[in-house]
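Novice: I'd like to ask you about the structure that follows.
The values are calculated or read from the model by the stated rules, or taken from the named source; none is laboratory data. Just so it is clear, the structure is predicted and the values come from calculations on it, not from any experiment. Glycine gets a Cβ as well: all are built from the backbone with ideal geometry, and neighbour counts include every protein chain shown.
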Amino acid sequence: MTASTSTTTPDVIRVRVPERSLRQDLRAVNIVLRRELIRFWSDRTRMISSLAQPVLFLFVLGTGLSSLMSGGTAGVDLRTFMFPGVLAMSVMFTALFSAASIVWDREFGFLREMLVAPVSRSAIVVGKCLGGAVVATFQGAVILVLAGLAGVPYAPTLMLVLLGELLLLSFTLTAFGVMMAARIKNMQSFFAIVQMALMPMFFLSGALFPLSGLPSWLGALTRINPLTYAVDPMREAVFGHLDVGADAARMLNTGVTWFGWRVPTALELAMVAAIGVVMLGIAIAQFRRTE
């Protein structure tokens, strides 16, 4: 008796990968941005610890130094002068540390899953930068609520201007952090490099002292520091809403000068935006080369 055999060909399951498009890229930007917000909101310890240092600088260091410099600030509270610099500090740490999650994702393999997704890698970088900028601006807004305690008026126009400048600074700093994190393999190296860049940028930005009357070497360092061109517009906005004398404004709100020419606020903000775009472009180029 002959047994008949039949060969059954298994069905082939076809996987359809959606084509890359602008719509898919925008969706990826939105998803990465929302992931940053969810991650930040779920980490209450990070939220509180990020506020500790700016509050200490403003109310402990500022109050302590005010007793020593009361005669050298032309009657202006030192905390009022320091407030724009403390605002910049509040977004600096959050923006740069937001980029640290890239290194974390690389160590745990999640970054590779994002990079092989059918979306442009530039969309992932843009979403990361926007997410970090929004999170950092939220942190800055919390410090902004304390403006009245530092002698800064709650003028609606001033608050909106400061929020816009904080958002611009946060985006630029996040792009800077993402650019560094694109090639760094472990968290220890990233935080070491961030700390090495962070504190010199802050102390050389004029956040804690006026930019006039400095030694030539120190003045040159403040002028090549990108953070200087973000702190000065915020201080200009604050002093524009204060009722202070001409001597106080001349002493404390000198602005940034190039060979005696005061740099306009619009040019300063344009420089910060341009630096952010350049950093973003470098970060995108590095991610496109990432394996």
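Novice: Which condition does Val152 not pass, out of (1) surrounded by fewer than 22 Cβ atoms within 10 Å (Cβ to Cβ); (2) at pLDDT 90 or above; (3) more than 14 Å from the chain's Cα centre (by Cα); (4) not acidic (Asp, Glu), if it passes all the others?
Specialist: (1)
Novice: Can Thr222 be described as surrounded by 15 or more Cβ atoms within 10 Å (Cβ to Cβ), over 30 Å from Asp105 (Cβ atoms) and hydroxyl-bearing (Ser, Thr, Tyr)?
Specialist: So Thr222 fits the description; yes.
Novice: Could you pull out the residue among Ala192, Ala207 that is of a type in the set (Gly, Ala, Ser), under 20 Å from the mean Cα position of the chain (by Cα), closer than 30 Å to Ser101 by Cα and surrounded by 13 or more Cβ atoms within 10 Å (Cβ to Cβ)? I'd like the intermediate steps shown before the answer.
Specialist: Working: Ala192 fails: surrounded by 13 or more Cβ atoms within 10 Å (Cβ to Cβ).
Going through Ala192, Ala207 in turn, just one is of a type in the set (Gly, Ala, Ser), under 20 Å from the mean Cα position of the chain (by Cα), closer than 30 Å to Ser101 by Cα and surrounded by 13 or more Cβ atoms within 10 Å (Cβ to Cβ): Ala207.
Novice: Identify all residues within region 208-241 that are assigned to a helix (DSSP H, G or I) and over 17 Å from Met82 (Cβ atoms); write none if there are none. Show your work before the answer.
Specialist: If we filter region 208-241 for residues that are assigned to a helix (DSSP H, G or I), which is where we start, we get 216-223, 228-239.
Of everything in region 208-241, those that are assigned to a helix (DSSP H, G or I) and over 17 Å from Met82 (Cβ atoms) turn out to be Ser216, Trp217, Leu218, Gly219, Ala220, Leu221, Arg223, Tyr229.
Novice: State all residues of region 202-243 that are over 20 Å from Leu146 (Cβ atoms) and of a type in the set (Val, Ile, Thr); if no residue qualifies, say none.
Specialist: Result: Thr222, Ile224, Thr228.
Novice: A further question follows. Which one of Ala246, Ala230 is small (Gly, Ala, Ser) and modelled with pLDDT of 90 or more?
Specialist: Details: Ala246 fails: modelled with pLDDT of 90 or more.
When all the criteria are applied, what remains is Ala230.
Novice: Is it true that some residue in region 158-179 is in a loop (DSSP other than H, G, I, E, B) and either touching a Leu at 6+ places or on another chain (Cβ under 9 Å) or in contact (Cβ under 8 Å) with a residue 60 or more places away in the chain (or both)?
Specialist: Filtering region 158-179 for residues in a loop (DSSP other than H, G, I, E, B) gives none.
Within region 158-179, not a single residue is in a loop (DSSP other than H, G, I, E, B) and either touching a Leu at 6+ places or on another chain (Cβ under 9 Å) or in contact (Cβ under 8 Å) with a residue 60 or more places away in the chain (or both).
Novice: Something else now. Counting just the residues of region 247-265 that are assigned to a helix (DSSP H, G or I) and touching a helix residue (DSSP H, G or I) at 6+ places or on another chain (Cβ under 9 Å), which one comes out farthest from Arg121 (Cα to Cα)?
Specialist: Ala248
Novice: If you check Ile284 against the conditions, is it aliphatic (A, V, I, L, M), crowded, with 19+ Cβ neighbours inside 10 Å and modelled with pLDDT under 80?
Specialist: Here the answer is no, as Ile284 does not meet what is asked.
Novice: Looking only at region 239-274, which residues are β-branched (Val, Ile, Thr) and surrounded by fewer than 18 Cβ atoms within 10 Å (Cβ to Cβ)?
Specialist: Answer for region 239-274, where residues must be β-branched (Val, Ile, Thr) and surrounded by fewer than 18 Cβ atoms within 10 Å (Cβ to Cβ): Val244, Thr254, Thr257, Val263.
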